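Enquirer: I have a structure here, written as structure tokens, and I will follow up with some questions on it.
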Amino acid sequence: MVLEKPLRSFFMFLAKNKMLNKAAKKWGLKFGAAQVVAGQTIDAAMNNVLKLNEQGLHCTLDHLGEFVFDKEEALASTEACIHVLRAIHESQAKCNLSLKMTQLGLDIDEAFCIDNMRRICAVAKQYNIFVRIDMEDYSHCVQTLNILTILREEFDNVGTVIQAYLHRAEDDVKNLKGIPLRLVKGAYKESDEVAFQDKAVIDDNYMNIIRIHLDNGSYTAIASHDHNIIEKVKAYAEENNIPRTQFEFQMLYGFRTSLQKELVAEGYKVRVYVPFGTDWFGYFMRRLAERPQNIGFALRGFFSK
Ligand code: FDA
């Protein structure tokens, strides 16, 4: 698509626009966002999680939140995460929790953010629920990895995400041997000083870091909608006797739903990332930026509402 590059840049620009992100909280799920965001409340999202569980799919819930610059909002996000943990525990859903460090106050004060994380990890530990720290843009990468190291000294139920487009990804994966990681290609726009720009190079590095983590015997979540990558991982695991209990595939809610079910039918563990909440705009714009073909969602949603 000739317009693909400018469209990507346009959606990434919108994703970061603080005014639009704030305004969209009051709009309800617009522009077809309901196809990829599982509701605005925990009840709506949990309903969807339980339906996915019935189909053999595991889930991870994400209470959407970005651009948090005041402590009250960060504390409210912390409470919301704890509320999600309780809902998972009470419903006995096959589900864990994903969250972002900026949502818990990383841009305000790192120590405050760590304290919020400690509270969340302690409740999650009590309920035997795993907590995944999503990886945000490069400016938060080092801090996020430092926070993970601190938390891992106290909790074994926490892990993070490594982005294959970053030059540092291979070293990070090697340093994080034994820690459950979600491996992704990377969703943000980063400079060529820190990130590979060429799709083929990113794909190669993605397979490279997947092999390293699997060969290390570490639990690996391969989070991708790319059927070529998924086929390569299946073949690699088969050829190298990597047990299916050592890895899982992950996909986003509303994306490649047939492929999700096919993998379950083949006996693979698949986890769906289920975002919910009123702070949906940045998440939705990043999904459009990744795959401008999804603009169909947005246009259909725009004209039908
Ligand atoms: P990519 O976009 O590279 O597409 C490769 C090919 O796959 C396409 O050319 C097409 O053939 C096929 N394909 C892809 N999507 C399709 C679709 N919807 N329908 C049909 N075919 C399709 N990023 C990040 O920076 N930090 C994070 O914490 C996370 N977390 C995360 C969790 C989960 C569960 C997922 C799935 C992804 C993330 N990501 C992320 C996003 C990730 O970094 C990446 O931007 C997207 O997954 C897009 O890359 P893919 O590997 O999915 O395929």
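Enquirer: Just checking: which of the helices (runs of 4 or more DSSP H) contained wholly in segment 87-189 hold 3 or more residues that are closer than 25 Å to ASP279 by Cα? Don't jump to the end; show me each part of the working.
Expert: Values: elements: 110-127, 141-152, 169-175.
Where helices (runs of 4 or more DSSP H) fall fully within segment 87-189 and carry at least 3 residues being closer than 25 Å to ASP279 by Cα, they are 110-127, 141-152.
Enquirer: In addition: For segment 126-145, enumerate the residues that are basic (Lys, Arg) and over 20 Å from the mean Cα position of the chain (by Cα).
Expert: Of segment 126-145, the ones basic (Lys, Arg) are 132.
None - no residue of segment 126-145 is basic (Lys, Arg) and over 20 Å from the mean Cα position of the chain (by Cα), so the list stays empty.
Enquirer: Among ASP137, ASP107, which is within 14 Å of the ligand (Cβ to nearest atom) and in contact (Cβ under 8 Å) with a residue 24 or more places away in the chain? Don't jump to the end; show me each part of the working.
Expert: Working: ASP107 fails: within 14 Å of the ligand (Cβ to nearest atom).
So the residue among ASP137, ASP107 that is within 14 Å of the ligand (Cβ to nearest atom) and in contact (Cβ under 8 Å) with a residue 24 or more places away in the chain is ASP137.
Enquirer: Restricting the search to segment 132-157, which residues are under 17 Å from LEU183 (Cβ atoms) and among the β-branched types (Val, Ile, Thr)? Give the derivation first.
Expert: So in segment 132-157, the residues under 17 Å from LEU183 (Cβ atoms) come out as 132-136, 138, 141, 144-145, 148.
ILE133, THR144 - these are the residues of segment 132-157 that are under 17 Å from LEU183 (Cβ atoms) and among the β-branched types (Val, Ile, Thr).
Enquirer: Of all residues in segment 56-86, count the ones that are among the hydroxyl-bearing types (Ser, Thr, Tyr) and part of a helix (DSSP H, G or I). Steps first, answer last, please.
Expert: To start, the set of residues in segment 56-86 that are among the hydroxyl-bearing types (Ser, Thr, Tyr) comprises 60, 77-78.
If we keep only those that are part of a helix (DSSP H, G or I) as well, we get 77-78.
Total meeting the criteria: 2.
Enquirer: Can you find a residue that is in a loop (DSSP other than H, G, I, E, B), more than 14 Å from the ligand (Cβ to nearest atom), of a type in the set (Lys, Arg) and more than 18 Å from MET251 (Cβ to Cβ) anywhere in segment 207-223? Break it down into steps so the answer makes sense when it comes.
Expert: Pass one, segment 207-223, residues in a loop (DSSP other than H, G, I, E, B): 216-219.
From what's left, more than 14 Å from the ligand (Cβ to nearest atom): 216-219.
Applying the additional criterion that residues be of a type in the set (Lys, Arg) yields none.
No.
Enquirer: Hey, can you tell me all the residues within segment 16-71 that are more than 13 Å from THR278 (Cβ to Cβ), aliphatic (A, V, I, L, M) and touching a residue at least 12 places away in the same chain (Cβ under 8 Å)?
Expert: Result: LEU20, VAL36, MET46, VAL49, LEU50, LEU52, LEU57, LEU61, VAL68.
Okay, residues lined up against (1) of a type in the set (Gly, Ala, Ser); (2) buried (at least 22 other Cβ atoms within 10 Å of the Cβ):
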site	(1), (2)
GLY65	yes, yes
ASP70	no, no
ALA76	yes, no
HIS83	no, no
HIS89	no, no
LEU99	no, yes
GLN103	no, yes
ILE108	no, no
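Enquirer: Can you give me the number of residues within segment 177-205 that are farther than 23 Å from LEU14 by Cα, within 8 Å of the ligand (Cβ to nearest atom) and either of a type in the set (A, V, I, L, M) or within 16 Å of the chain's Cα centre (by Cα) (or both)?
Expert: Number of matching residues: 2.
Enquirer: Follow-up. Taking the condition of being charged (D, E, K, R), out of contact with any Phe, Trp or Tyr (no Cβ under 7 Å at 6 or more places or on another chain) and farther than 23 Å from LYS100 by Cβ, how many residues in segment 184-225 meet it? Don't jump to the end; show me each part of the working.
Expert: Initially, segment 184-225 is screened for residues charged (D, E, K, R), giving 185, 189-190, 192-193, 198-199, 203-204, 211, 215.
Checking the rest, the ones that are also out of contact with any Phe, Trp or Tyr (no Cβ under 7 Å at 6 or more places or on another chain) come to 189, 192-193, 198-199, 203-204, 215.
From what is left, the residues that are farther than 23 Å from LYS100 by Cβ are 192-193, 198-199, 203-204, 215.
Looking only at that region, the number is 7.
Enquirer: Assuming ASN21 fulfils every condition listed in (1) assigned to a loop (DSSP other than H, G, I, E, B); (2) touching a Phe, Trp or Tyr at 6+ places or on another chain (Cβ under 8 Å) apart from one, which condition is it?
Expert: (1)
Enquirer: In segment 252-263, which residues are surrounded by fewer than 17 Cβ atoms within 10 Å (Cβ to Cβ) and more than 10 Å from the ligand (Cβ to nearest atom)?
Expert: Residues of segment 252-263 surrounded by fewer than 17 Cβ atoms within 10 Å (Cβ to Cβ): 256-259, 261-262.
Matches in segment 252-263: LYS261, GLU262.
Enquirer: Further question: Search segment 285-305 for residues being under 22 Å from MET12 (Cα atoms) and more than 13 Å from the ligand (Cβ to nearest atom), and hand back the single one that is modelled with the lowest pLDDT. Break it down into steps so the answer makes sense when it comes.
Expert: Here is the first cut: in segment 285-305, the ones under 22 Å from MET12 (Cα atoms) are 285-302.
Now narrow it down to the ones that are more than 13 Å from the ligand (Cβ to nearest atom): 298-302.
On the way: ALA298: 54, LEU299: 50, ARG300: 52, GLY301: 48, PHE302: 44.
Checked segment 285-305; the qualifying residue modelled with the lowest pLDDT is PHE302.
The values are calculated or read from the model by the stated rules, or taken from the named source; none is laboratory data. Computed from a predicted model, the values in this text were never measured in an experiment. Glycine also receives a Cβ, built like all others from the backbone with ideal geometry; neighbour counts cover every protein chain displayed.
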